[in-house]
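What follows is a short report on a single structure.
Rule-based calculations on the coordinates, nothing more; no lab input. Everything numeric here is computed off the predicted structure, so don't read it as measured data. Note that each Cβ is placed from the backbone with ideal geometry, even for glycine, and that neighbours are counted across all protein chains shown.
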Amino acid sequence: MNSQPLSEFRRRDVLRLAGSAAAVLALAASPLAALAQTAPGGATLKIATIGAGREGGALGTLFAKAGHPVMFSSRHPEELKDLVASAGPSAKAGTVADAVAFADVVLLVVPYGAVEQIGKDYGPALAGKALVMDVSNPTARSGEEIVKWVEQQGGAGLATAKLLPGAHLVRAFNAIGYAKLPELAHRQGDPVGVPIAGDDPNAVAIASRLIKEIGFEPVMVGGLAMGKYLNVGTPLAGIHTPDEIRQIAATLK
Ligand SMILES: NC(=O)c1ccc[n+]([C@@H]2O[C@H](COP(=O)([O-])OP(=O)(O)OC[C@H]3O[C@@H](n4cnc5c(N)ncnc54)[C@H](OP(=O)(O)O)[C@@H]3O)[C@@H](O)[C@H]2O)c1
């Protein structure tokens, strides 16, 4: 894996690296590289959601329906029976500790105020996962203090990295509403683009693979520092084609 953190690269360098031979070589050398490849016939990944509400439930369901073993988790897993039943036979529910122990890949889909405690409780275990997909956003619901702290860290991507030190983070799906996910997945014609931001090439590759498998098109917009542009209320939020995302991303810095 590339030893220089991608956050030290300029955004254009990140975009260039994503398609370069260096990135391919770095990825191939990683022990986690196999997770990034879609094998014909489907090598599945064990996916856990921390948070199984509106967005975590919808995303986890798409991954379960794509054939991946999924464990939904929250502080009240006994309340997730209906979700598990509707997500199908590859889904189950557990405590957050169960889910962290189970997963190759974790989707973090909680109110942003919960991320600090999750980092304290599970930080080292989460740092050992190939990918933590950070879907969580600091919003008005998180409270003014948290929103301000996140801004001071340089936005949600860098802030989550502080709260989950060492985690292989990729921000994704942050501003695509839960209610639309099922109908947007595998859309006819142009796929819906999912802007993603991350510093770790292997985690980005795994996230890209998973996003494609549920019928969206990942579009890398840069390192975690760009993660702040994926929130609700920014130009990248909402439903865009991959080309539209590239055009909007080019106007951001
Ligand atoms: N709703 C959307 O359309 C949407 C779209 C994109 C991104 N997001 C982001 O996704 C996150 C979740 O939003 P949501 O709308 O899905 O919220 P939600 O429906 O209220 O679900 C939140 C989930 O997080 C769990 N949770 C809360 N605190 C927790 C903790 N300390 N440890 C473990 N689990 C915890 C809750 O379960 P328990 O209370 O039982 O633990 C619940 O399952 C937010 O950051 C939001 O900005 C939402």
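Odds and ends about this structure:
- Taking amide H positions as modeled 1.01 Å from N, with prolines and chain starts lacking one, the residues under 5 Å from ALA93 and 5 or more places away or on another chain are PHE72.
- What the phi angles of the range 82-91 give under the Karplus curve with 6.51, -1.76 and 1.60, with θ = phi - 60°, is a coupling list of 5, 4, 4, 4, 6, 7, x, x, 8, 9 Hz, glycine and proline written as x.
- The range 142-237: equivalent-ellipsoid semi-axes (sqrt of 5 x gyration tensor eigenvalues, Cα, Å): 24, 16, 10
- Distance (nanometres) between label positions extended 7 Å along Cα→Cβ at GLN117 and ALA140: 2.4 nm
- Flagged links, alpha-carbon separation over 24 Å, of LYS81/LYS228; LYS148/LYS180; LYS162/LYS228: LYS81/LYS228; LYS148/LYS180
- Straight-line cross-link reach from LYS46 at under 17 Å between alpha-carbon atoms covers these aspartates and glutamates, not counting any fewer than eight positions away in the same chain: ASP98, ASP104, ASP134, GLU213.
- Of ALA172, VAL192, VAL147, farthest towards positive along the dipole that unit charges on Lys, Arg, Asp, Glu beta carbons give the range 138-214: VAL192
- Förster radius 35 Å - calculated FRET efficiency between ASP98 and ARG54 (Cβ-Cβ, nearest 0.05): 0.95
- Under 5 Å, built H, 5+ apart or other chain: amide partners of THR139: TYR112
- Cβ-Cβ distance of LYS46 and ARG187, R₀ of 30 Å, FRET efficiency by 1/(1 + (r/R0)^6): the value works out to about 0.65.
- Centre-to-centre, using Cα atoms only, the range 182-253 and the range 137-161 are separated by 20 Å.
- Summing charges over neighbours of LYS120, with a neighbour being any other residue whose Cβ is under 15 Å away from its Cβ, gives 0 when K and R count +1 and D and E count -1.
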